[in-house]
Amino acid sequence: MSGALCPGSFDPIHNGHLDVITRVAEQFDEVVVTVVVNPNKKGLFTIDERIEMMTEATAHLDKVRIASWQGLLVDFAAQEGIGAIVKGLRSAADFDYELQMAQMNRKLTAVDTLFVAADPTVGYLSSSLVKEVAKYGGDVSDMVPASVHSRLLARLAELQ
């Protein structure tokens, strides 16, 4: 069985994430979407909330399961017996950052990183940008799943 990790902070998940996850699920027997815990970053949503949103957003994808991990991602890949990490790329800046990480991961454990180019219709999306636009009243309803949209607006309202 071939498997891949699709890691990210997913704070929150947006349609660009879903596009990559859906396409990766067409190529692998199993995709483990890994909500990565970064203790140095305070997210808008808790890890449990991100996992819930990701679970709802990917419920239609049979080959996808959701997990979380704190620490070196390659350690999680080894624990799960998965030899590939898949990352979506929006731009050359993403590539520059991700290439160095991919090379380090390869050096540490021989895990390969595969890159998927973002679909142009969602390539401009980032969680940070979605949150910022929503915070200032912009319409992001077509950028995130409906259940995420309602949670995002509720959380931003709580913070005001």
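Residue pairs whose Cβ atoms lie under 8 Å apart, sitting 6 or more positions apart in sequence or on different chains, and linking a residue in segment 147-160 that is free of Cβ contacts under 8 Å to residues at least 60 places away in the same chain and part of a helix (DSSP H, G or I) to a partner that is surrounded by 10 or more Cβ atoms within 10 Å (Cβ to Cβ) and β-branched (V, I, T), are H149/V140.
Being farther than 21 Å from L72 by Cα and in contact with a Lys or Arg (Cβ under 9 Å, 6 or more places away or on another chain) is the filter here, so list the residues in segment 25-51 that pass it. Can you show your working first?
From segment 25-51, those farther than 21 Å from L72 by Cα are 25-29, 44-45, 49; that's our starting set.
If the condition is that a residue be farther than 21 Å from L72 by Cα and in contact with a Lys or Arg (Cβ under 9 Å, 6 or more places away or on another chain), then A25, E26, F28, D29, L44, F45, E49 are the ones that fit.
For segment 8-56, give me each residue that is in contact (Cβ under 8 Å) with a residue 60 or more places away in the chain, β-branched (V, I, T) and in a helix (DSSP H, G or I). Correct list: V20, V24. Kindly indicate whether K87 is surrounded by 13 or more Cβ atoms within 10 Å (Cβ to Cβ), farther than 24 Å from Q27 by Cα and either in contact with a Ser or Thr (Cβ under 6 Å, 6 or more places away or on another chain) or at pLDDT 95 or above (or both). Answer is no for this residue. Only residues that are among the β-branched types (V, I, T), loosely packed, with under 15 Cβ neighbours inside 10 Å and closer than 14 Å to G16 by Cα were counted in segment 108-160, giving 1. Residues in segment 57-68 that are assigned to a loop (DSSP other than H, G, I, E, B), buried (at least 20 other Cβ atoms within 10 Å of the Cβ) and either out of contact with any helix residue (DSSP H, G or I) (no Cβ under 8 Å at 6 or more places or on another chain) or in contact (Cβ under 8 Å) with a residue 60 or more places away in the chain (or both): 0 in all.
The values are calculated or read from the model by the stated rules, or taken from the named source; none is laboratory data. This one's a predicted model, so the numbers in the text were calculated from it and none came from an experiment. Cβ coordinates were reconstructed from backbone atoms using ideal geometry, including for glycine residues, and neighbour counts include every protein chain displayed.
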